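Heads up: the structure comes next, in structure tokens.
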Amino acid sequence: MAPAIFTLAADAPKLDSGNTAFLLLSAALVMLMTPGLAFFYGGMVRVKSALNMLMMSFISLGIITLLWTGYGFSFAFDGDHGGFIGGTNWLGLRDIAPDDLWGATGTPIFAFAAFQLMFAIITPALISGALADRVKFTAWSVFIALWATVVYFPVAHWVWGGGWLGTKGVIDFAGGTAVHINAGAAALGVILVIGKRVGFKRDPMRPHSMPWVMLGAGLLWFGWFGFNAGSEITSDGVASTVFINTQIATAAAMIGWLIYERLRHGSFTTLGAASGAVAGLVAITPSCASVSPLGAIAVGVIAGVVCAAAVGLKYKFNYDDSLDVVGVHMVGGIVGSLLIGLLATGGVGQDVKGVFYGGGWHQFGIQAIGVFSVLGYSLVASAILAKAIDLVMGFRVPEEIEISGIDQAEHAETAYDFTGIGSTGHAAAPLGAPAASKKVDA
């Protein structure tokens, strides 16, 4: 059955300008997260791959917007067919009037579609961090178009569009399963197909710009308030609780990651601070409307420590997750989703109580079904898509391009122009050339 649509008839809900403004602002905040992600990932790669990393996120803004307009929104949110996919009434965003409202929220369907679009954009962009330095830009573009169609749109329907996981009672307020586990499992599936970078575990692959990383993490943190609080759709007490829980969990995760890092490796690093913050943001995403502020501290600390430990598994199990998408997004999403079954108070956005609040283990089991069904589907489907693309057009760049630098080969540009270094503003002379004489005016 299609979602309820209300018009401005006398006996129907009226347009709520406050909620509409809140939702549109939240959508804009979530949109900013994709450029923020580009900087976060772009700073973590070597300089020869920086532009490619930026573009792998940025291209999602173009491709996914067109797919969402064409059929993505309809497949995700127009009714339900068997619990697995929506309908076709809204293909091309047709048959939606400007004053058609989304449920009883008083917000236009177009506002809701725009908000959900930003989720659809950033989710495939998250995958890109696992594939840094080694994939063709064309192959990547084809992959995210297919992946959004085969994986993201159906999973968004399962969780939020009236599909089988939402009907079963899985709680995912803003994307622990549909976004983070989905993207993290996809990343794992693709890297198992395309293989490791040249020099993995042998050559140093340090971030080329920690300022970029910190800027990106800050933009993600800022935008995440729209991501989480905006998912309430209405500007009410639940949205306010979600906002404060998001801040608390993120701070707690950053501290937890840094403490683990200090005890395990002897240093507090800026990369650890940024990664810990993102791990907290990931983990609180599904649970932000289920836990108390003290529960948010627990979610954050646990996620910070567990994700900090998980990022090292790639060396133990020999898979090359370049920028720790699996360790942060998949593992963080699992932690946050499962902790709902333990820490849900029943007094925030849902009535469900977790084990620690007398609710028993039922909800924990429901959460586990949601976690592992999305994980398994995304992992397998993503691996199949990656293999098909690899067979048809090749997914990886040639080894010599990977070694020399993917930016120039794929984009005919580099992140930095080193030919103009010099305090006078003129191009620097070649090494060994005589210095140009300087005439100083009296």
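Tabulated data for the structure shown
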read-out: Correct option for Cα Rg over 2.2 N^0.38 Å [calculated from the coordinates] among (1) 0.97; (2) 0.90; (3) 1.03; value: (3)
read-out: Fully extended contour minus Cα-Cα distance, from residue 355 to residue 168, at 0.36 nm per residue; value: 65.5 nm
read-out: Stretchable slack from residue 69 to residue 192, in nm (0.36 nm times residue separation minus alpha-carbon distance); value: 41.1 nm
read-out: Total lysine pairs under 20 Å (Cα atoms) in the chain, excluding pairs fewer than 8 apart on one chain; value: 11
read-out: Estimated 222 nm signal from helices in the chain, with DSSP H stretches of n ≥ 4 weighted -39500 (n - 2.57), rounded to 500; value: -19000 deg cm²/dmol
read-out: Å² of accessible area per residue within the chain, as computed with a 1.4 Å probe and no ligands counted; value: 40
read-out: Cβ-derived FRET efficiency at R0 35 Å, residue 418 paired with residue 388, nearest 0.05; value: 0.30
read-out: Residue 400 accessible area, assembled protein chains, probe 1.4 Å, Å²; value: 120
read-out: Solvent-accessible surface ranking, highest first, for 143, 243 at 1.4 angstrom; value: 243, 143
read-out: Label point distance in nm, residue 104-residue 269, each placed 7 Å from Cα along Cα→Cβ; value: 5.1
read-out: Apportionment of accessible area to carbon and sulfur, the chain, percent (1.4 Å); value: 67
read-out: Of the DSSP H helices in the chain, those whose Cα atoms cover at least 20 Å axially and whose Kyte score averages 1.6 or more; value: 50-67, 109-127, 293-310
read-out: Length added when fully stretched, residue 222-residue 25, from 0.36 nm per residue minus Cα-Cα; value: 69.7 nm
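The values are calculated or read from the model by the stated rules, or taken from the named source; none is laboratory data. Note that the structure is a prediction, hence the values are computed from the model and not measured. Cβ: placed from backbone, ideal geometry, glycine included. Neighbour counts: every protein chain shown. Ligands, DNA and RNA are stripped out before the accessible areas are found, and what is left, the full protein with its side chains, is counted by its heavy atoms. Shrake-Rupley method; radii C 1.70, N 1.55, O 1.52, S 1.80 Å.
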